[in-house]
């Protein structure tokens, strides 16, 4: 009777659904305010110290560019001036001409004018161009740093996703091992296996529990690493997808990608700006050999209440009625120009030394530009190869994971019915677990390769780079 009950229980267990790693892990509960990948990149761009430092450099260079451009334009100044002077018993500087200064003197002036260096050997123009190149180089360096930060954040984010998936896999493995323990106990009762199988199955279950605890710890560590990467507090919540995206493989020819990268990569643009800046520096050396043309102009009104009062008093003393006395308040204007040519006859080789140094800077900048172009081409080629390899590996790991899951399911049923040993069932499960982990790693490698290729091409901003839905 007892044997029949055990057989019936075993049959019911055989017909019941068996847990396998082929099933998807349960979806994680959404945390309000949790950061997804785009949110992580946006947060990092706003808080990363290196990015903020580069932004400050760009702002400073932009300020210098604005100042350099202002030097090319005439400055407009307004003048409001009131002059008051009183004296007593002083002959003044004009005493030798028999003139006696007024004891009280006042004068009011209001004018608008400019003193503009119209031409100084193109120095201002070259300096403005230099400031523009420096600003462009700083802006391109900032863009390159933002792209690299986006790639680093992507790697850290999908490391969290990989560890999160590993937790789900270890949970399934623990359930699988628990099922083997139950099967071992049933087989022991019905005489299909020895009691040692129960001990071995319980040992495997405990190891699965330890592996699950390790996986949970690794996920927590990965989340803290991601928080540190973006400059956020360690307890920052992240919205990690259970299903890692698999965007399609780009089919653009590699040479077309290289051409696009050469035209859009910020590091090439920065190197080009440095070459132009070095060439301008060489031209700037000889600007002092050319004439300097300076113009000045102003208009306004100037009146002296003291002189007006003295003039009115003198006219009244001559018998002119006060009503007929009219004091003129006409405005004034003036314009002038000065051109100066000053050439040093002997410079003791200083100019030649400056030109040698400037040409060395140009050669260095040109070599750096060529190196940047070669590096970009290599980067694109390696990124394309990485995507192709990751895509091929992903297809292989998908098939391996499917076979591994089916093998583990069948092995569990076979062990339950006494057709194989516990060792064979356990080995099948370990192979399945390894295949599932390899599949998750292959998915992460593939999506990271896609992001790297998009960074290598250089046509997208950091937030668009990590949006793998728009490949």
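Each reported figure results from applying straightforward, stated rules to the coordinates on display, with no laboratory input. These numbers were taken from a predicted model, which means no experiment stands behind them. Every residue, glycine among them, receives a Cβ derived from its backbone with ideal geometry; neighbour counts consider all protein chains shown.
General remarks:
- DSSP beta bridge pairing in the chain, given as percent antiparallel to the nearest 5: 95
- Placing a label point 7 Å from the Cα of residue 99 along the Cα-to-Cβ direction, the residues of the stretch 293-312 with a backbone N closer than 14 Å are 307.
- Computed from the Cβ-Cβ distance with R0 of 41 Å, the FRET efficiency linking residue 228 to residue 367 stands at 0.65.
- Relative contact order of the chain, taken over Cα pairs closer than 8 Å and 6 or more residues apart, is 25 percent.
- The mean sequence distance of close C-alpha pairs (under 8 Å, at least 6 residues apart), as a share of the length of the stretch 181-270, puts its relative contact order at 13 percent.
- Residues in the stretch 296-323 reached by a label modelled at residue 77 [backbone nitrogen below 20 Å; 7 Å Cα→Cβ]: 296-303
- Difference of contour (0.36 nm per residue) and Cα-Cα distance, residue 395 to residue 327: 14.5 nm
- Value of [θ]222 nm, deg cm²/dmol, for the chain, DSSP H segments ≥ 4, -39500 (n - 2.57) each, nearest 500: -23000 deg cm²/dmol
- Using a Förster distance of 25 Å, the FRET efficiency for residue 286-residue 70 (Cβ separation, nearest 0.05): 0.55
- At R0 = 22 Å, FRET efficiency that the Cβ-Cβ distance of residue 86 and residue 109 yields, to 0.05: 0.70
- Span from the the stretch 420-464 Cα centroid across to the the stretch 242-277 one, whole angstrom: 25
- For Rg and Dmax of the Cα atoms in Å, the value computed from the atomic coordinates appears in the list [x] 20.4, 59; [y] 22.8, 71; [z] 41.9, 153 under label [z].
- Taking 0.36 nm per residue of sequence separation and removing the Cα-Cα distance, the residue 38/residue 294 pair yields an extension gain of 86.6 nm.
- Euclidean distance between Cα centres, the stretch 186-237 to the stretch 324-395, Å: 60
- Taking 0.36 nm per residue of separation and subtracting the current Cα-Cα distance, fully stretching the chain between residue 152 and residue 464 would add 110.9 nm.
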